[in-house]
Structure formats: structure tokens, C-alpha cells
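Participant: The structure follows.
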Amino acid sequence: MPEKNELMEKIVSLCKRRGFIFPSSEIYGGIGGFWDYGPLGVELKRNVREAWWEDMVLRHDDTTPPPGMPSPYAMVGIETSIVMHPQVWKASGHYDLFQDLLVDCRHCKARFRADQLTASQCPLKPSKRPGEHATCDLTEPREFNLMFKTYIGALVDPESEAYLRPETAQGMFTNFRNVLATSRVKLPFGIAQIGRSFRNEITPRYFTYRSREFEQMEIEFFCRPAESRLWYEYWRDRRFRWYVSLGLSEERLRLREHSPEELSHYSCGTADVEYAFPFLPEGEFGELEGIAHRGDFDLRSHMEGKLVRRGEELVVETESDGKPRHPGSGKDLSYFDEETRERFIPHVIEPSAGVDRSVLAFICEAYAEDAIPDENGVPQPRVVLKLHPRLAPVKAAVFPLIRRDGMPETSLAIYRELKRTWNVDYDDKGSIGRRYRRQDESGTPFCITVDGQTQEDGTVTVRDRDTTVQERVPIRELVVYLRERLTAA
Ligand code: ATP
């Protein structure tokens, strides 16, 4: 395999060449931090979302819950708006706290994150760190809010300010009462959502890893306070296993518990699922997902107002006149437990994952280079994406060996049959070797070829992407054969 940086360049170039990921607005020179998904990328992304939704929402209780906890428990989906009432972000703390410290250079106008100053480069040549050129003139660190601002209605004034959501989570908290009232769920239960989020990241980088527009897959799991530690451990371990089940290797993945100093002021436990992305220096990992025990922080904030820590306690932040600085909704977001006849605010466990970062990790993991023999038995280098079959954008490709002797007709009939169940390709152009290569680079697990023997005995060859071994399979058994092989992994 190539060196790390070279490897990342090759992955980015494969994503472009095969139509996985393009820079947004490329014909105008692109726009930093925004990406478009092409024909294969959109299928891969859809498969990641669907795998998450199937495993976490539809079949969420296939796993064993913590000892003594109920099974099945409820999990429901929701889809909330991107622009929400501005008070949501004030009560949640995002308005005041969702910011990075920035340093500007008055000379070259470059902007750096204060916490990444030593890892950044001044744009002037020769390359040096910010502050190291004689002309560098850095400001003190200044706060910069990461939320994108917009205006609702015709007037651009402070009254009409609103924000694009920087996370999907708040939509679950603001709908807590609606879900309780309409779906008859009882604790413990989860609300799940997949949707776009926006952060005006100061230094978008590492391809799609740090984008300004991205997609999240989030769960807010509500439970009794006394049971919350068990549920936290359950979700932390379960979410780690999910990535392994879809092909990320345990050597490149890790589950990192935050140290007490690192924890948010309201959290009594947070762990990140991290992946050793090839663009990171050796030994460094990047976050794929955070699993946080958030206590009753969010529901309380939306009831009472923005909370701050005072000693051991979370209290509503007040102005000098004693009024809440950012009032909550004033609505009751507590839960009445019919078993214990108690009323309390549930605790929340939040597994929060990024679709784009997962897609990128799956692509990085799947990228491989090897050599396979050509028609004359001479080994030829190839690039192959060994994506898990559930994630592969195209599940099978059908080829006629040559464009005559009835082979195209038979191939098209097979293609149409398989297309009823899966996303399948048909390709009759170029040498068979080149057609295989194209599918290998796209991550297609199986290639089916109709050849001379097909007309005689009704069989086709099925070539396995990873081993390149070919088997003869009767056409009438193809659907069963593929179903077994695609779900076996
Ligand atoms: P980071 O520390 O890398 O900025 P974060 O801790 O701020 O991430 P969270 O707020 O926990 O991230 O968001 C949950 C998930 O959303 C992340 O684990 C990641 O997968 C995804 N995510 C967050 N920010 C971005 C981004 N700018 N681009 C792509 N995905 C993101």
C-alpha cells in the first residue's frame, strides 16, 4: 500500500474519477467546506444511512439490553426542521458557547484556530508556522460562533435572525412532549433522526472530514436516572460494534473515554468512536461518533433556561435583575412514571454520528491495491474498493462476454431480473478485464458474465470482487445465490 499522504491523494482521486465525491460548485472553482456526492457516492451514503436506520431504529432491540432492563424498548424516528426558533439555541447554550477561539493575521489576513496554531501553516512562503515570519502580525484569540446565521422574512434586522442548526439533536428535545403524547412510548425509549447540520468551521479540511455542511445520525435515548450509567455503557459498546460489523477493522478503530477534564460541564461520561484516518499523522485518530451521557441537561434547559455550572450544581444563568439570561420554553418536559408514581426529568444518552465521516472511513478502509493476472496470466496492478456488501453502491454487474450470439439479450434479461431486488449495472463496452476493473474500483461485490457456455447449459460465471475467483452458477439460482452471498458478510 502507498504511504499515508499518497494514499489519501489516491483515495480523493478515486472518489472523483468514479463519481463518489466532487467539490461543490466545482465549475466556479469550488467552495471551501462543501462537497457533492456523485452517482456512486449518493448510493453509498444512502446505504450507510439505511444500515444505521435498519439497525438502530427498525431492528434496534435485536441486541441484548443491559441486565434487568426491559426488552423490547421503543425507538421512534423523527425529522425536524433545519431552522428552528432562535430561542432553542439560546437555551441550549449554542448561542453563547458554540464557538472557537480564532487568531487573525493583520498582515496576510489568514485566519487560524487558536488551539491549532502550532499545527497550522502561514500562507506565505517559505512555509512557516503563523507568527514565525517577520511580517506576521497576529491578533489575540477572539471568539467566533460556528452557527450560520440567516434571516427570516423580508427584513434583515436583529429581530429576524435565525440559525441553521449545528446539530439535529435539539429537534428531538423540543419534540419530547409531542412524541410522548402521540406514540405512547414509555421509558426507556429513543428518538432517532438523520439530517443535515451546518457549522461555519474555521478550517474545513481533510476532504469531507471537516465540512461546513454535513449530515448527522443521532439518537436521544431517554431513561430513568438510576439506569442511565448502564444505558450509557450499552450504547457506547453497541455503537462501536456497529462500525466493526460494517467492515472497519478493530486495529484502526478505538473507543476513547473522555478524561474528567475533557467532559462537557453537564456530562457524566462521554466516549468517542475514533478511526485512524490515513490523512492523520501516525498514531492519531479522528472522531467518527460521540456517545455522551448528558444527564437531564437538555430537557431542563428547554424547560427552565440556559444552564451553567455552579460548584456541583447546574443552575439557570441569570442577569443582574435575577431573570434568566436565556429563558427556556417554560413547558413541562418531565415524565410521570406510572410504575413508581414518580415525576422526574429523564436522563439522556446521545450517540451522535456523522454520515459523511462514516462514508469517508468506509472508503478509506475499503481502498486496496493488489495485482491480478490478466487474460494472458501476467499480474497487473489493480485498485479495488472492498466495501461491505451492505454498503456497496452497486451489488452486481452483468456483462455479455461479446456483443453477439444472443449474449446481450440473455445478459439484459438477467440484469432486469436482478434489478427488481438490487442496484445492478449492465456493461457491454470494452474488454472483459477492463469491465471487471471498473467494477472493482466502484466496490461492486459480484460480476456476472454471460459467455458461450451460457447458451449450452444455462449457467453464468460469477466473479468475486475480493478473491477474483469465478464460479459457474445456473441462471435460475442467481437470485438465491446473490442473496446468500450479499447477506453472509
Ligand atoms: P470535532 O471535535 O471533530 O469538531 P465534534 O465533537 O464537534 O467534532 P459533535 O458535535 O460530537 O462533533 O458531532 C457529532 C458527529 O457529527 C461527529 O462525531 C462527526 O461525525 C460529525 N461532525 C461534526 N462536525 C462535523 C464536520 N464539520 N464535518 C463533518 N462531520 C462532522
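Participant: So which DSSP H runs in the chain come out at 27 Å plus along the axis (Cα) with average Kyte-Doolittle of at least 1.0?
Facilitator: Details: long enough: none.
Both cut-offs are met by no helix.
Participant: At 1.4 Å probe size, put Arg196, Arg212 in order of accessible surface, largest to smallest. Mind dumping the intermediate values first?
Facilitator: On the way: Arg196 100, Arg212 45 Å².
The most accessible residue leads, giving Arg196, Arg212.
Participant: Hey, another quick one. Tell me the accessible surface of Lys323 in square angstrom (1.4 angstrom probe, heavy atoms of protein chains only), to the nearest ten.
Facilitator: Solvent-accessible area, nearest 10 Å²: 130 Å².
Participant: Could you give the Stokes-Einstein D for segment 47-117 in µm² per second, using the C-alpha Kirkwood radius, 10 °C, 1.306 mPa s?
Facilitator: 92
Participant: Where does the chain land at 222 nm, in deg cm²/dmol rounded to the nearest 500, when only DSSP H runs of n ≥ 4 count, each adding -39500 (n - 2.57), divided by all residues?
Facilitator: Result for the chain, helices only: -8000 deg cm²/dmol.
Participant: Related question: For segment 394-488, what proportion of DSSP beta bridges, expressed in % and rounded to the nearest 5, is antiparallel?
Facilitator: 55
Participant: Using only the Cα atoms of segment 321-414, each taken as one equal point scatterer with no solvent, compute I(q) by the Debye sum, divide by I(0), and report log10 of the ratio at q = 0.15, 0.23 Å⁻¹.
Facilitator: -0.96, -1.20
Participant: Hey, which lysines would be in cross-link range of Lys109, C-alpha to C-alpha under 28 Å, not counting anything within fewer than 8 residues on its own chain?
Facilitator: Lys125, Lys128, Lys149
Participant: Round to the nearest 10 and report in Å² the accessible area of Ser160, as given by a 1.4 Å probe over the protein chains' heavy atoms.
Facilitator: Around 20 Å² of this residue is reachable by solvent.
Participant: Follow-up. In Å³ and rounded to a whole number, note down the convex hull volume per residue for the Cα atoms of the chain.
Facilitator: Details: hull volume 101.2 nm³, N = 489.
Looking at the chain, the number lands at 207 Å³ per residue.
Participant: For segment 38-102, report the accessible area per residue in Å² (1.4 Å probe, heavy atoms, rounded to an integer).
Facilitator: Per-residue value: 47 Å².
Participant: Can you list which of the GluC sites (Glu not before Pro) found in segment 373-444 are DSSP loop residues with at most 11 other C-beta atoms within 10 Å?
Facilitator: Taking segment 373-444 and a limit of 11 other Cβ atoms within 10 Å, the loop GluC sites (Glu not before Pro) found are Glu375.
Participant: Leaving out ligands, DNA and RNA, and with a 1.4 Å probe, what % of the accessible surface on the chain is carbon or sulfur?
Facilitator: 50
Participant: Students sometimes get this wrong: rank Val103, Val469, Val12 by accessible area, probe 1.4 Å, all chains present, largest first.
Facilitator: Val469, Val12, Val103
Participant: Take the alpha-carbon positions of segment 99-145, form their convex hull, and give its projected area averaged over all directions (one quarter of the hull surface) in nm².
Facilitator: 2.9
Participant: Which three lengths, in whole Å and largest first, does segment 394-488 cover when its Cα atoms are put on their principal axes?
Facilitator: Taking the Cα atoms of segment 394-488, the three principal extents are 34, 27, 24 Å.
Participant: Using the structure shown, list the pairs from Lys386/Lys429; Lys16/Lys386; Lys45/Lys395; Lys90/Lys331 with a Cα-Cα distance above 19 Å, or answer none.
Facilitator: Over 19 Å Cα-Cα: Lys386/Lys429.
Participant: Largest first, what is the accessible-area ranking of Asp427, Asp36 with a 1.4 Å probe?
Facilitator: Asp36, Asp427
Participant: Continuing with this model, one more query. By its C-alpha gyration tensor, with a ≥ b ≥ c as the square roots of the eigenvalues, how is segment 1-103 shaped: rounded for a/c under 1.5, else prolate for a/b larger than b/c, else oblate?
Facilitator: Verdict is oblate for segment 1-103.
Participant: Given an 8 Å cut-off on Cα distances and at least 6 residues of separation, report the relative contact order of segment 394-488 as a percent.
Facilitator: 28 percent.
Participant: To the nearest 10 Å², what's Cys364's accessible area with a 1.4 Å probe?
Facilitator: 10
The values are calculated or read from the model by the stated rules, or taken from the named source; none is laboratory data. Given the structure is predicted, the values throughout are model-derived calculations rather than measurements. Note that we place each Cβ from the backbone using ideal geometry, even for glycine, and neighbour counts take in every protein chain shown. Calculation scope for accessible area: heavy atoms of the full protein, side chains included, ligands and nucleic acids excluded. Shrake-Rupley method; radii C 1.70, N 1.55, O 1.52, S 1.80 Å.
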